[in-house]
Amino acid sequence: MQAIECPFCHKAWFPKVRSTGEHSQNTHLNGHVAQLARETGNDFDDVKLGVKARAVKRGFPEPRIRRAGGRTYEVWKSESNCTPAECAMLIDECHQIADELGIVLVEEDI
Ligand SMILES: [Zn+2]
């Protein structure tokens, strides 16, 4: 298994293996989303939705449209159901957003 080093936070991660441990993709992703939310003054959930929307261009699945009570909702795939490749798309998108905003990402669990 070849570890890939994140070019921004320099944390090693394994793009092909899904894990839920301390150094999992979810930890990596949520740490970056939390920092982006903090530094941009947005809600964590809003940032995560924004990351998913922007990751569509990378191949992340588009949201399912749900209609209820005369309103329309976009339902995005939960990262808990994402493949490792889809998780990597979200992480990559966090890196790009941070780069565009001049934010230097750090890991939450360091
Ligand atoms: Zn990273």
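Summary table below
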item: Order of E62, E93 under a 10 Å beta carbon neighbour criterion, fewest first; result: E62, E93
item: Proxy reagent accessibility, fewest Cβ within 10 Å first, across C94, C6, C87; result: C6, C87, C94
item: Label-point separation in nm, A68 to F44, each point 7 Å along Cα→Cβ; result: 2.2
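No lab work stands behind these numbers, since they all come straight from the coordinates. These numbers were taken from a predicted model, which means no experiment stands behind them. Ideal geometry is used to build each Cβ from the backbone, glycine not excepted, and the neighbour counts take in all protein chains shown.
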